[in-house]
1. Taking the conditions exactly as written (surrounded by 14 or more Cβ atoms within 10 Å (Cβ to Cβ), in a strand (DSSP E or B), modelled with pLDDT under 85 and within 10 Å of chain B (Cβ to nearest Cβ)), does residue A:19 satisfy them or not?
2. Give me the residue from region B:19-47 that is in a helix (DSSP H, G or I) and in contact with a Gly (Cβ under 8 Å, 6 or more places away or on another chain) and, out of that set, modelled with the highest pLDDT.
Amino acid sequence: MTEQARFGAADLNSVRKTVIVEAPPAVAWRVFTEQMGAWWPLAVYKIGKTSAVDAMIEPRVGGRWYERGDDGSTCDWGTVLSWEPPFRLVLSWDISADWQPDPSLRTEIEVRFIAEGRNSTRVELEHRHLDRYGARRDAMRAVFNEDGGWGRLLQMFADRAAAGASP
Amino acid sequence: MINAERAMDALGDPTRRLVFKRLRNRTRSVGEIAEGMDVSRPAVSQHLKVLKAAGLVVVRAEGARRLYGVDTRGIEALRGWLDGFWEEALVAFKQAAEREATKGRKPR
């Protein structure tokens, strides 16, 4: 657990999550990268103006990560920084005030798929460089304030945090 | 009370954001922050007060000088929000992946 030591709980600059999935890494990878629209909470977590119907990742380094609206429009979330199926995926998440990729806001999401036994995968996710939001919170705020957008989700988590529940 | 929404409210003002940005790399005095900005020192002080109340800025005394720096609590609030978001997203992902794995298995 050297990794754990390196990114201890004291590391404010990233969020780390682990989930055990009862599926082989290849399946977990496929669902994460090819079927994101099937599990991503699009109803509350999207940035476009129209209703989002899908979330897509282009399967290559430099590929786009974007949402697709019900009117066919797309809205970029970030880009693929590393593409190593079915082991490791790194995405940038750069959302600016006008919903364009913004190099000044490159928070990163790394996802690792580690086989555990025959039919089980440990999925480790790290969302890092969170301090970069400091300069761009106006953009974040605009998103949070949209009716039925992140605002609801933010409120949910703010309530949870206020109640003192640990994540 | 420190929360993500309040931090973002505080940073909704462009001048305040600029003040905050100037503290990202090191601590500074009010005079140093105001330097080169089109804002008076009292105005900078006022912005710092709001940022401080939102948990984004801390102040410490160094001799006769008061130095301002970034407070991690504002970031922590945002981090808490993201932590909750990923928790929810990964649970949904787990369910989708396990459904997919079951689908792929041949019934015997």
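1. On the way: surrounded by 14 or more Cβ atoms within 10 Å (Cβ to Cβ): yes; in a strand (DSSP E or B): yes; modelled with pLDDT under 85: no; within 10 Å of chain B (Cβ to nearest Cβ): yes.
Taking the combined requirement at face value, the residue does not satisfy it.
2. Just the residues of region B:19-47 that are in a helix (DSSP H, G or I), to begin with: B:19-21, B:30-34, B:41-47.
Adding the requirement that they be in contact with a Gly (Cβ under 8 Å, 6 or more places away or on another chain) leaves B:20-21, B:41.
Working: B:20: 81, B:21: 76, B:41: 94.
Only one residue fits best here, namely B:41.
The values are calculated or read from the model by the stated rules, or taken from the named source; none is laboratory data. Everything numeric in this text was worked out from a predicted model, so none of it was measured. Here Cβ is always computed from backbone atoms with ideal geometry, including for glycine, and neighbour counts include all displayed protein chains.
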